1. Name, by its number, the condition in (1) within 11 Å of ligand 1 (Cβ to nearest atom); (2) surrounded by fewer than 23 Cβ atoms within 10 Å (Cβ to Cβ); (3) within 30 Å of Ile327 (Cβ to Cβ); (4) not hydrophobic (A, V, I, L, M, F, W, C) that does not hold for Ser46.
2. Taking the condition of being surrounded by fewer than 22 Cβ atoms within 10 Å (Cβ to Cβ), on the phi < 0 side of the Ramachandran plot and more than 6 Å from ligand 1 (Cβ to nearest atom), how many residues in region 7-24 meet it?
3. Could you identify the single residue in Ser189, Ser199, Ser250, Ser233 that is in contact (Cβ under 8 Å) with a residue 24 or more places away in the chain, within 15 Å of ligand 1 (Cβ to nearest atom) and of a type in the set (Ser, Thr, Tyr)?
4. Could you please give the count of residues in region 151-199 that are surrounded by fewer than 16 Cβ atoms within 10 Å (Cβ to Cβ), closer than 21 Å to Lys325 by Cβ and aromatic (Phe, Trp, Tyr)?
5. Just checking, how many residues over region 140-150 are within 15 Å of ligand 2 (Cβ to nearest atom) and either part of a loop (DSSP other than H, G, I, E, B) or crowded, with 21+ Cβ neighbours inside 10 Å (or both)?
6. Look through Leu137, Leu131, Leu154 and report the one residue that is modelled with pLDDT of 95 or more, away from ligand 2 (no atom under 16 Å from the Cβ) and hydrophobic (A, V, I, L, M, F, W, C).
7. Among the residues of region 304-316, are any farther than 16 Å from Ser83 by Cα and surrounded by 14 or more Cβ atoms within 10 Å (Cβ to Cβ)?
Amino acid sequence: MEKEIVVSGIRSTGFLHLGNYFGAVRNYVRMQDGYRCYFFVADYHSLTTHPDPKDLRQNVYRVVAENIACGLDPEKVALYVQSDIPEIPELYLLLNMLAYKGELEKVPTFKDKVRQHPDNVNAGLLTYPVLMAADILVHRAVKVPVGKDQEQHLEIARNFAQRFNHRYGELFPEPYPFDYGGGLTRVMSLDGNGKMSKSANENATLYLADDDDTIRKKIMKAKTDAGPSAPDSEMPDFIQNLFQLMELVSAEAVVTQFREQYRQCNIRYGDMKKQLAEDMVSFMRPIRQKAAELQQNDAHIQRILREGARQARESAAATLREARKLIGVHYY
Ligand code: ATP
Ligand code: MG
């Protein structure tokens, strides 16, 4: 039986953090055996905010190294850089003809960016979901492992797939977000202020590259409150998030013990954070060390990316041939 096709990408905007791990990379690793996977570094997507050209190369290489350090196996998946696949911007152009200004202006992430940097509302920002749809549809993917923040972008990708199929003929399956049960993940920043992000709120974000003491310091400063005052109280988001992090890195018995303490209103957050910090350090240290080691070997990363691009182009070129034929851009 043919394997189902999976696509997902990470922007080359900085250091990967635990949200990227929880929301995305962890699932990439789980999917690499059972699916035909295309994972990419979204370097074009990072250009919306005009990064310093000097930083891009290192950012791209780091994302690749950190993915592999988390357990991604380039022998099993196609791991490539978005800009190595010219069929992606080609499909983006074609999809742009089916994308309407009004609907793009209504996208919440677009409205957020307009608020954040009103002096740089470029067309790339407005059409970000179109490029993202092209990333996915170019391989005719059906499953997309992403964090909760990407749910709406995927809905837009499904709309474009439907619109294309309706107008020109069946080509694109509808891609759905994928997780292993429990819903899409959203790791909040340690101060409870929005999600962890590569490009914001450095002190409240746990980066895979943080050293042991930095991890400890950040966790000890994580937002908590006075604790529950009645048994079985509902947990505020930022406490839920600490438990979520603990579930990732601590032994089950430890999590159960702190949950029970919470339920009985005698939890001491200081103790919980100390435990979490030590377990987090043990979890993150090997990833950090492996990523640092991989970043010493540019030639190795280049080989991986060239091979990934070869595989991704093969798949993308087949889709573009079909798309052009259906649209009528096909003359010889
Ligand atoms: P940036 O701030 O530059 O957009 P980012 O941290 O949002 O960086 P992306 O490259 O946009 O990272 O997203 C890569 C993947 O990580 C996506 O699948 C996204 O849904 C997921 N992701 C990002 N942040 C989180 C988070 N805090 N919790 C869960 N998943 C996340
Ligand atoms: Mg993002």
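The values are calculated or read from the model by the stated rules, or taken from the named source; none is laboratory data. No experiment lies behind these values; they were computed from the predicted model shown. Backbone-built Cβ (ideal geometry, glycine too); neighbour counts: all protein chains shown.
1. (2)
2. Of the residues in that region, 1 qualify.
3. Exactly one residue qualifies, and that residue is Ser199.
4. Looking only at that region, the number is 0.
5. Of the residues in region 140-150, 5 are within 15 Å of ligand 2 (Cβ to nearest atom) and either part of a loop (DSSP other than H, G, I, E, B) or crowded, with 21+ Cβ neighbours inside 10 Å (or both).
6. On inspection, the qualifying residue turns out to be Leu137.
7. No: zero hits.
Okay, residues lined up against (1) away from ligand 2 (no atom under 16 Å from the Cβ); (2) under 20 Å from Lys148 (Cβ atoms); (3) in contact (Cβ under 8 Å) with a residue 40 or more places away in the chain; (4) surrounded by fewer than 17 Cβ atoms within 10 Å (Cβ to Cβ):
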{"residue": "Pro228", "(1), (2), (3), (4)": "yes, no, no, no"}
{"residue": "Met246", "(1), (2), (3), (4)": "yes, yes, no, no"}
{"residue": "Arg263", "(1), (2), (3), (4)": "yes, no, no, yes"}
{"residue": "Lys274", "(1), (2), (3), (4)": "yes, no, yes, yes"}
